[in-house]
Amino acid sequence: MSDSPLKRLRNSEAFNGYLMISPTLIYAVLLLAAPLGMIVAYSFFRDGYLTVIHEFTVENYVQAWSDPIFRTILLRSVIVSALVTLVTVVLAFPIAYFISFVLPPSKKSLWLFLITIPFWTSYLIRVFQWKVILNYNGVINSILKGLGIIDQPLQMLNSVGAIAITLAHAYAPFAILPIFVSLEKIDRSFLEAGQDLGESKFMTFWRVTLPLAMPGVIGAVMIVFIPTIGDYVTPELIGGGKLPMVANMIQQNMLKIDNKPLGSAIAVSAMLVVAVISLLFLFLNRRFLKVQK
């Protein structure tokens, strides 16, 4: 007698696999997919006085994209995030390379441990620390005045540079670790073969090490770029609210102005921009790998 369809389903590997990941899947749906779906839905509703009118409309997107303030803030967010990503990844790669290729295996764990030390403190505390460092009477100005380099304190806060420095420091470990993992996976015999064929160390790095490490670089770029473009705390504290980014604009529409449909439309628009930029970078990376081959 053949087994019933239900019994065959229970004994299948696919069913058992889905059953195994079901708690994580339910968690992701409830805490990620459901809120995101609500934001998308709200972006197509109308705003009423202290209420939301559940009528379909695209006016929120038209209002958002026709507003020059929104376009300016979105462009600033992309530029700041791109600057932070560039600085972070460029500085993270040599550190990851040093740990992977230069340090002996017995010391790699210690260095990785030291890199994760910033995670021991709250992100908010780290931002406040940079505010103290960059303040008008902060650490840097005090040192420069003590050395006689400057007569008057420098105004470093409330600037794009200060925001970029703070974000780059906060997300540096997120860039170092994936690059290090990719470098560790590289078979050292490939590098030896390149040098045996007459390649210089630089060309071996350019044609062998860098392409093989690109998955880690891509991961570092995504991990840094995506959250920094939506960062709210740093522009508010380090920028003094004078250089708002798209997250600050979303917060203002959601809470202060109480226009949740418009705030949702701005949030969805920002996510689409991030998705397009990320896909563009992935496409350029694939072209880079083809050229290297």
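Tally the residues that are open to solvent by 20 Å² or more (accessible area, probe 1.4 Å) and touching a Ser or Thr at 6+ places or on another chain (Cβ under 6 Å), restricting the search to region 181-192. Let's see the steps before the verdict.
At the first step, the residues of region 181-192 found to be open to solvent by 20 Å² or more (accessible area, probe 1.4 Å) are 181, 184-185, 187-192.
Filter once more, keeping what is touching a Ser or Thr at 6+ places or on another chain (Cβ under 6 Å): 184, 191.
Of the residues in that region, 2 qualify.
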Here's a check for you: in region 193-215, which residue that is closer than 17 Å to Y97 by Cβ and either of a type in the set (D, E) or at pLDDT below 75 (or both) is surrounded by the fewest Cβ atoms within 10 Å (Cβ to Cβ)?
Q195
Given the conditions (1) buried (at least 16 other Cβ atoms within 10 Å of the Cβ); (2) at pLDDT below 90, and given that L279 satisfies all but one, which numbered condition is not satisfied?
(1)
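Residues checked against (1) in contact with a Phe, Trp or Tyr (Cβ under 7 Å, 6 or more places away or on another chain); (2) open to solvent by less than 60 Å² (accessible area, probe 1.4 Å); (3) more than 19 Å from G216 (Cβ to Cβ); (4) at pLDDT below 90:
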{"residue": "L36", "(1), (2), (3), (4)": "no, no, yes, yes"}
{"residue": "Y42", "(1), (2), (3), (4)": "no, no, yes, no"}
{"residue": "F93", "(1), (2), (3), (4)": "no, yes, no, no"}
{"residue": "V102", "(1), (2), (3), (4)": "no, no, no, yes"}
{"residue": "L124", "(1), (2), (3), (4)": "no, no, yes, yes"}
{"residue": "F128", "(1), (2), (3), (4)": "no, no, yes, yes"}
Across region 147-168, what is the total count of residues that are open to solvent by 70 Å² or more (accessible area, probe 1.4 Å) and in a helix (DSSP H, G or I)?
1
Looking at (1) at pLDDT below 90; (2) among the aliphatic types (A, V, I, L, M); (3) open to solvent by less than 50 Å² (accessible area, probe 1.4 Å); (4) in a helix (DSSP H, G or I), which is the one condition that is false for M249?
(1)
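Condition check ((1) open to solvent by less than 90 Å² (accessible area, probe 1.4 Å); (2) modelled with pLDDT of 90 or more; (3) touching a helix residue (DSSP H, G or I) at 6+ places or on another chain (Cβ under 9 Å)) across all residues:
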site: I53; (1), (2), (3): yes, no, yes
site: P68; (1), (2), (3): yes, yes, no
site: V78; (1), (2), (3): yes, yes, yes
site: A82; (1), (2), (3): yes, yes, yes
site: F119; (1), (2), (3): yes, no, yes
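Being of a type in the set (A, V, I, L, M, F, W, C), modelled with pLDDT of 85 or more and touching a strand residue (DSSP E or B) at 6+ places or on another chain (Cβ under 9 Å) narrows it down to one residue among L262, L237, L272; which is it?
Working: L237 fails: touching a strand residue (DSSP E or B) at 6+ places or on another chain (Cβ under 9 Å); L272 fails: touching a strand residue (DSSP E or B) at 6+ places or on another chain (Cβ under 9 Å).
Unique residue meeting the criteria: L262.
The values are calculated or read from the model by the stated rules, or taken from the named source; none is laboratory data. Worth saying up front: this structure is predicted, and the values here are computed from it rather than measured. Positions of Cβ are backbone-derived with ideal geometry, glycine not excepted, and every protein chain shown enters the neighbour counts. SASA here: full protein model, heavy atoms, side chains in, ligands and nucleic acids out. Shrake-Rupley method; radii C 1.70, N 1.55, O 1.52, S 1.80 Å.
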